[in-house]
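Let me begin by presenting the structure, written as structure tokens, before commenting on it.
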Amino acid sequence: ILFILSNVLLGQENSNEHILDSIYKNLINKNGCHIEFEYSFKNDNYKTEKPISGNVTLYSENRFYLEFNAPENQIIQIYNGHILQTFFLEEKEIHIDEINNNTGLLIQDVFGSYKEKYIIQKTEEKNTIRLIPVKDYSEEVFNNCIDTLQLPSCLKLPKQCKIGISASNKKLLNNCLKKNNGYLETDVKSIDIELNSANKEIKSITQKRKSNNLEQITIKSLSIHKGNKLIIDSTKYKDFEIIDFR
């Protein structure tokens, strides 16, 4: 019975991984996938009265064009692979910056790196895939622990050999990381991906944080975009002040 159950669970995990791979392939392509969405947010003290509309066009190599229509802050954000430009329409400002983990898009982060950053967890909801963040750690502390414990140097980050380590050494490594504050904190508790039961396309993404923040992106429509939205008409924003944070 245990053997059968383990194979069933493994089959479900592989199936979910295949679904996520398929979604990513359809969403992220060189021609651009255009997504109309609604965004809502709530925590212990605040809740959006009604969802905020927006749209995003996703391209390969993490490039994107985003329009966010919050009542108090209408923005356009463009990442062309080199710089991140944020257009604040009300303030007539353009902020230029480099992209990092905090300025990337949730959709890209989930589907582009879920195999490295998350593990798939079984849920009671039939058409929902839950992702739990894996423990991440400081590369410097991790490599120092490898040296301290005299473990094979090829286990060091960023490139690791796949020889593995014994359970006892894994415990020692875990203790070393904890002792030296090697684990990096993450505020994300879980990410639920709800699928359309008919075609298995993405229906919504709900991100739950430890601070009781709940963010949800509801997909209204998906389509292939014709043209390149990453190239803008600069004359349209000639009166905007440019602020460079690089």
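The values are calculated or read from the model by the stated rules, or taken from the named source; none is laboratory data. Since this is a predicted model, take the numbers as computed values, not measurements. Cβ coordinates were reconstructed from backbone atoms using ideal geometry, including for glycine residues, and neighbour counts include every protein chain displayed. Please note that ligands, DNA and RNA were not included when accessible areas were found on the heavy atoms of the full protein model with its side chains. Shrake-Rupley method; radii C 1.70, N 1.55, O 1.52, S 1.80 Å.
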Identify, among L230, I94, L27, the residue whose Cα sits farthest towards the positive end of the charge dipole of the chain, taking +1 on the Cβ of Lys and Arg and -1 on the Cβ of Asp and Glu, with the dipole about the Cα centre. L27
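Tell me, what is the per residue accessible area of the chain in Å², probe radius 1.4 Å? Working shown, then result.
Working: 15970 Å² over 246 residues.
That works out to 65 Å² for each residue.
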Checking understanding here: applying a Kyte-Doolittle mean of at least 0.0 and a length along the axis of at least 27 Å (C-alpha), which whole DSSP H helices in the chain pass? 2-27
Can you give the FRET efficiency to the nearest 0.05 for K189 and E38, using r as the Cβ-Cβ distance and R₀ = 25 Å? 0.65
Which whole-number percentage describes the relative contact order of the chain, with Cα contacts under 8 Å and a sequence gap of 6 or more? 23
Distribution output for region 158-226: share of Cα-Cα pairs per 10 Å bin in percent, first bin at 0, values 15, 24, 23, 24, 13, 1
For a quick check, take a GNM of the chain with Cα springs below 10 Å and name the residue from L84, L157, L230 with the largest mean-square fluctuation. L157
Which entries of K42/K229; K159/K210; K50/K226; K117/K171; K25/K156 show an alpha-carbon separation above 25 angstrom in the structure shown? K42/K229; K159/K210; K50/K226; K25/K156
Report the full-extension gain for the segment T235 to N174: residue separation times 0.36 nm, less the Cα-Cα distance, to one decimal in nm. 16.4 nm
Answer in debye to the nearest 20: the dipole magnitude of region 139-246 about its Cα centre, from +1 Lys/Arg and -1 Asp/Glu charges placed on Cβ, is 440
Carbon and sulfur %, accessible surface of region 174-246 computed with the full protein complex present, 1.4 Å: 46
Subtracting the Cα-Cα distance from 0.36 nm times the residue separation, let me have the gained length for N45 to S60 in nm, one decimal. 1.6 nm
Considering only protein heavy atoms and a probe of 1.4 Å, how much of the accessible area of region 29-172 is carbon and sulfur, as a whole percent? 46
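If R0 is 30 Å, what FRET efficiency do you get for E139 and H82 from their C-beta distance, rounded to 0.05?
On the way: r = 25 Å, r/R0 = 0.83.
So the FRET efficiency works out to roughly 0.75.
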Around D136, which amide H atoms from residues at least 5 apart in sequence, or from another chain, sit under 5 Å from its own amide H, with H modelled in the peptide plane? L184
Using a Gaussian network model of the chain with C-alpha springs under 10 Å, which one of Q160, Q85, Q74 is most mobile by mean-square fluctuation? Q160
Ignoring solvent entirely, what values of log10 I(q)/I(0) come out of the Debye formula for region 123-246 at 0.14, 0.20, 0.22 Å⁻¹ when each Cα is a single scatterer? -0.92, -1.05, -1.15
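Treat every Asp and Glu Cβ in the chain as -1 and every Lys and Arg Cβ as +1, leave all other atoms uncharged, and give the resulting dipole magnitude about the Cα centre to the nearest 20 debye.
Details: 32 positive and 33 negative charges, 211 e Å.
Dipole about the Cα centre, nearest 20: 1020 debye.
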Quick one: longest stretch of the chain between exposed loop chymotrypsin sites (Phe, Trp or Tyr not before Pro), exposed meaning at most 16 other C-beta atoms within 10 Å and loop per DSSP? 47-239
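How big is the Kirkwood radius of the chain, worked out from every pair of different alpha carbons and given in Å to one decimal?
Details: mean 1/r = 0.0479 Å⁻¹.
Answer for the chain: a Kirkwood hydrodynamic radius of 20.9 Å.
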Listed residues D147, D192, D109; largest mean-square fluctuation, Gaussian network over the chain with Cα springs below 10 Å, found at D147
